[in-house]
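The values are calculated or read from the model by the stated rules, or taken from the named source; none is laboratory data. Predicted model, so just to flag it, every value in this text is computed and none were measured. Here Cβ is always computed from backbone atoms with ideal geometry, including for glycine, and neighbour counts include all displayed protein chains. Protein only, heavy atoms only, side chains kept; ligands, DNA and RNA dropped before computing areas. Shrake-Rupley method; radii C 1.70, N 1.55, O 1.52, S 1.80 Å.
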Amino acid sequence: MDRIRIRGGRDLRGSVRVSGSKNASLPIMAAVLLCDGPVVLRNIPDLKDIETMRGILRHLGVENHRERDGSLYLEVTDARADCAPYDLVRQMRASFVVLGALWARRGRAKVSYPGGCVLGHRPVDLHIKGLRSLGAVVHIEDGYVHAGGVVKGGSMFLGGNYGSTVLGTANVLMAAVLARGTTVIENAAMEPEVEDLCNFLNACGARITGIGGHCLVVEGVERLGGCEYSIIPDRIEAATYLAGALMTNSPITVEGARPAHMLAVLDRLQAAGAELEVGADYVRNVQRPDGRILAVDVTTLPYPGFPTDIQAQFMALMTRAEGVSIITEKVYPERFMHASELARLGANIRREGPSAIIQGTPRLSGAPVMASDLRASASLVLAGLVAEGRTDVRRVYHIDRGYERIEQKLQRLGADIERISEG
Ligand code: EPU
């Protein structure tokens, strides 16, 4: 199992380029199940989760390969399979997003019910409620969600106690585009990744309006064709590098970012003292003479609120702030596994229900730490950049799921970071 070793305290500078968004790529790849023609996707990142989705799609009869220029070619060559088995789905929860497309295009679907997850309880009741509103006959048997019946379309309110659902909205959309009637999704997730899926589907011939808003209207069409499409940049990756830039008080430019997708994060970074230059497709952190980091409170919320996927990295930043900050998780109230690992580096963090209270400290010191999930591992890498001495982050396979070549990108900025393979 690989580790990432960091020797903290280096001065960083330069530019880092953001990769394509993982969370936009995954549902768009699944949407190819709906398409009658070939699809070429540009800006798909080279990540473990993308490989997992490619494997699932291959199993479902979607031939796919990387072209020489890095784009991903996908085409349905065999439309008989209707089952996404446990062994594939358990590797990645996001694979549940094939359900809506399989049902709509192949008339029936059988997808393994996703299991537990380190972020806490993650039910799929809203996915099922949404599909039922479109006419699906759904039952759960042998650990599988079975969907059948005619896709008629319908109206629904797609929200629960934690707000909207990103992949639930994606699943419903993918079925609705081929429905016999019109669908209205109230309280649709507004994340840029959902917007990207809508734009992709429309490029293939779907008729979705209200894109980017909380009410999506979908007029069903008979078929979708293929298209060429470029995935949006990864706002979470961009925000991770900006948090690192502020933490190390480094003049770093994050290139290829889309600041309009990151307003809540930019707001909190500025409140914490960052001086940012924001262009159309870049954000630059300006080095400041004092390099102070101020304690600020953050509450995670569905988009356009502060993203849960940057909570752990922001917590790493707040361990270095002057004063006390409170981070409240309103999307995954249990998503705090990183807090105890940050404490191993000397951070002072206390849990109070869905909140963490962080007393900033001027000094962290390196230690061996364990990554529990993707974003937790990014927060540990950031903390390692400022900790004195050596930090070894174990279980880095988590980070490979969602950060393209992170150690190389950080090396290029001047970090003392290496991957140690242990066979
Ligand atoms: N929820 C329900 N019922 C459902 C679905 C969701 O109660 O049927 C709850 C969840 O338990 C949670 C909230 O609703 O409390 C929001 O969950 P959502 O469904 O939006 O999450 P998701 O679609 O499964 C995606 C991202 C996650 C990201 C969340 C929230 C992908 C592949 N995953 O998950 O990304 O944290 O949205 O923004 O897009 C990550 O990249 O590290 C990651 C975990």
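Determine, for each peptide in 248-258, 207-217, the mean count of other beta carbons within 10 angstrom over its residues, then list the peptides with the highest first.
Per-residue Cβ counts within 10 Å, averaged per peptide and sorted highest first, yield 248-258, 207-217.
Suppose only helical runs count, i.e. DSSP H with n ≥ 4. What mean residue ellipticity at 222 nm does that imply for the chain under -39500 (n - 2.57) per run, divided by all residues and rounded to the nearest 500 deg cm²/dmol? Could the numbers behind the result be given before it?
Working: 14 runs with 129 residues, N = 423.
Computed ellipticity for the chain at 222 nm equals -8500 deg cm²/dmol.
Which whole-number percent of Cα pairs in the chain have a distance greater than 31 Å?
Here the tail beyond 31 Å accounts for 38 percent of pairs.
Ranking request for peptides 264-277, 373-386, 56-69: highest mean number of other beta-carbon atoms within 10 Å first, then the rest in descending order. Working shown, then result.
Details: 264-277: 17.9, 373-386: 27.6, 56-69: 15.8.
The peptides rank, most packed first, as 373-386, 264-277, 56-69.
Report the net charge of residues surrounding Ala272, where surrounding means a beta-carbon distance below 15 angstrom and charges are Lys +1, Arg +1, Asp -1, Glu -1.
Once positives and negatives cancel, what remains is -1.
Expressed as a rounded percentage, what relative contact order does the chain have, with Cα pairs under 8 Å and six or more residues apart?
So the answer I get is 22 percent.
Could you calculate the FRET efficiency of Val221 with Lys152 from 1/(1 + (r/R0)^6), where r is the beta carbon distance between them and R0 is 22 Å, rounded to 0.05?
0.95
In whole Hz, with x marking every Gly and Pro, tabulate ³J(HN,Hα) for segment 314-331 from phi via Karplus 6.51 cos²θ - 1.76 cosθ + 1.60, θ = phi - 60°.
5, 5, 4, 4, 5, 5, 9, 7, 7, x, 10, 10, 10, 10, 10, 9, 9, 9
With point charges of +1 on the Cβ of Lys and Arg and -1 on the Cβ of Asp and Glu, referenced to the Cα centre of the chain, which listed residue (Leu173, Leu301, Leu34) lies farthest in the positive direction of the dipole?
Leu301
Using alpha-carbon positions, what is the distance between the centroids of segment 141-168 and segment 28-99, in Å?
When both Cα centres are located, 21 Å separates them.
Hey, can you find the accessible area per residue of segment 22-230 for me, probe 1.4 Å, expressed in square angstrom?
39 Å²
What order do you get for 23-35, 360-372 when each peptide is scored by the mean count of other beta carbon atoms within 10 Å, highest first?
Result, highest mean first: 23-35, 360-372.
Please get the size of the charge dipole for segment 147-286, origin at its Cα centre, with Cβ charges of +1 on Lys and Arg and -1 on Asp and Glu, quoted in debye to the nearest 20. Mind showing how you got there, number by number?
Details: 8 positive and 15 negative charges, 93 e Å.
Dipole magnitude for segment 147-286 comes out near 440 debye.
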